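Remarks on the structure that follows.
The values are calculated or read from the model by the stated rules, or taken from the named source; none is laboratory data. Source: prediction; values computed, not measured. All Cβ positions, glycine included, derive from the backbone under ideal geometry; neighbour counts span all protein chains shown. Surface accessibility is based on the protein's heavy atoms, side chains included, excluding ligands, DNA and RNA. Shrake-Rupley method; radii C 1.70, N 1.55, O 1.52, S 1.80 Å.
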Amino acid sequence: MSVHIGTAGFSYKDWEGIVYPADLKKRKIHPLEYLAQFLDACEINTSFYGHIRPNVGRDWCHKTTAVNPHFVFSAKLYQGFTHPPRERSRLPLSILKSIPKKKIWRGKAWIPSPVKGSLPQC
């Protein structure tokens with residue numbers, strides 16, 4: 001078993017000058033590149049709110065592995081699986097398109113029928 005040490009997210013304004021050097025943006029260094037020098041993991045918080053564009057994910061992977069080839073990400077499960085549903089019209093369009101009009105409420109998530117099973121609570 002391996003243990004990875006990292007942060008829950010990486011893009012926080014109040015980290016500038018504390019976690020990251022104050023001039024990180026001026027030096028054109030991405031926060032993940034900086035973190036990968038010292039840590040080997042990062043939780044992706046944005047996946048909680050919607051899909052991550054593939055090109056963005058690839059960019060993050062390239063930036064981190066260039067500095068630390070053992071760097072890993074964990075993605076937070078989308079909130080639709082872990083929280084009570086919001087109004088259908090307020091969901092992100094990418095998620096909205098993937099939910100059939102006929103759905104079943106099971107525990108903490110809307111599960112499109114005929115899918116059955118349990119979901120992790122994150």
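Listed values, structure above:
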{"quantity": "Within the stretch 21-32, tally of residues that are within 15 Å of THR64 (Cα to Cα) and either of a type in the set (Phe, Trp, Tyr) or open to solvent by less than 50 Å² (accessible area, probe 1.4 Å) (or both)", "calculated": "4"}
{"quantity": "Unique residue being open to solvent by 90 Å² or more (accessible area, probe 1.4 Å) and either in contact with a Gly (Cβ under 7 Å, 6 or more places away or on another chain) or within 30 Å of PHE81 (Cα to Cα) (or both) when the list is ILE18, ILE5", "calculated": "ILE5"}
{"quantity": "Qualifying residue in the stretch 69-81 (condition: at pLDDT 80 or above, open to solvent by 80 Å² or more (accessible area, probe 1.4 Å) and among the aromatic types (Phe, Trp, Tyr))", "calculated": "no"}
{"quantity": "Residues being within 12 Å of the chain's Cα centre (by Cα) and part of a loop (DSSP other than H, G, I, E, B) - total across the stretch 53-79", "calculated": "4"}
{"quantity": "Residue list for the stretch 32-52, filter: among the hydroxyl-bearing types (Ser, Thr, Tyr) and either within 15 Å of ILE5 (Cβ to Cβ) or in a helix (DSSP H, G or I) (or both)", "calculated": "TYR34, THR46, SER47"}
